[in-house]
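The block underneath contains the structure these notes are about, expressed in structure tokens.
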Amino acid sequence: MAEEGGGTWATYMYAEIEEAFAARANQAAIDVIDTLVESLNEGLMTDAGLTKADISAMKHQVEALNIAKDEILALPAPALSRAEGQEPVAVKPLEWTGPDVNGDRHARSILAVYTIRKQQGSMGFWLTEVGGYHSSIDKAKAAAQADYEQRIRSALVKAPAPAVPDGWKPIETAPKDGRNILLWVVHSNSRFSASPVEEGWQAPAVGHWTDFNSGGWVHHGLAGQPTMWADILPAPSRPLVRGEGE
């Protein structure tokens, strides 16, 4: 066993893991861990010139690396964004079957087929599609779920702002300097109505922004959430006097 060369290589790999984790590049850290674990397991399977101390040390390294990987996978994933007023969303859990006649467990999805396999002479359970050994079936399933969610999230983009009627602008662009503007207010029951304006679940209201109590829109009339805004027309240049327009 080339102890000096192997030690230098392992030290380099551990440094890469620390740098990736420090940069919050979790997947990069996992990839390096998988490479290191795979190499250690190959060395254990060949058993060429290894002493009992070598084998024990390598097994401890594999165990420690798998624990580190599981801790990275346990970190919370960023929440899926959602449009204002919509219910929170989450990625559906993978559904597992097995073990089959070979002892394998499978999860089939529209993106990939994951298989958990116990290999002879290895220090854990091998996960296809993702790669790498895991210390338990549950941790292998968690790794598959994390990979599945990451694939779905990578395909998501921020939805464009919905088109608004002429003269109305998205509420996110409304001035917050205290002046009165015209707000388009939407009641929460509006989503259940086929004619929300006619039925009174959406309506305009004069209002303004206040910084009081963490900030918010102040308006009178329909109880609801402003979704659009428009400038209030200026007063007519020649106001009507009594008797005109009657």
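Miscellaneous remarks
- Selected residue (only one of Gly131, Gly121, Gly167 is in a loop (DSSP other than H, G, I, E, B), open to solvent by less than 40 Å² (accessible area, probe 1.4 Å) and modelled with pLDDT under 85): Gly131
- Within segment 175-197, the set of residues being among the hydrophobic types (A, V, I, L, M, F, W, C) and either in contact with a Ser or Thr (Cβ under 7 Å, 6 or more places away or on another chain) or not in a helix (DSSP H, G or I) (or both) comprises Ile181, Leu182, Leu183, Trp184, Val185, Val186, Ala194, Val197.
- Residue within segment 227-243 that is surrounded by 10 or more Cβ atoms within 10 Å (Cβ to Cβ), modelled with pLDDT under 85 and assigned to a loop (DSSP other than H, G, I, E, B) present: no
- For segment 90-102, the tally of residues that are open to solvent by less than 30 Å² (accessible area, probe 1.4 Å) and of a type outside the set (A, V, I, L, M, F, W, C) stands at 0.
- Flag for Leu111 being farther than 17 Å from Ile33 by Cβ and in contact with a helix residue (DSSP H, G or I) (Cβ under 8 Å, 6 or more places away or on another chain): yes
- Output for segment 12-63, where each listed residue is at pLDDT below 65, among the hydrophobic types (A, V, I, L, M, F, W, C) and part of a helix (DSSP H, G or I): Met13, Ala15, Ile17, Ala20, Phe21, Ala22
- The residues listed here are Ser195, Ser214, Ser190; of these, the one that is open to solvent by less than 60 Å² (accessible area, probe 1.4 Å), without any contact (Cβ under 8 Å) to a residue 24 or more places away in the chain and among the polar types (S, T, N, Q) is Ser195.
- Number of the condition not met by Tyr148 [criteria: (1) part of a loop (DSSP other than H, G, I, E, B); (2) under 19 Å from the mean Cα position of the chain (by Cα)]: (1)
The values are calculated or read from the model by the stated rules, or taken from the named source; none is laboratory data. Quick caveat, the model's predicted, so the values are computed rather than measured. Cβ coordinates were reconstructed from backbone atoms using ideal geometry, including for glycine residues, and neighbour counts include every protein chain displayed. Surface accessibility is based on the protein's heavy atoms, side chains included, excluding ligands, DNA and RNA. Shrake-Rupley method; radii C 1.70, N 1.55, O 1.52, S 1.80 Å.
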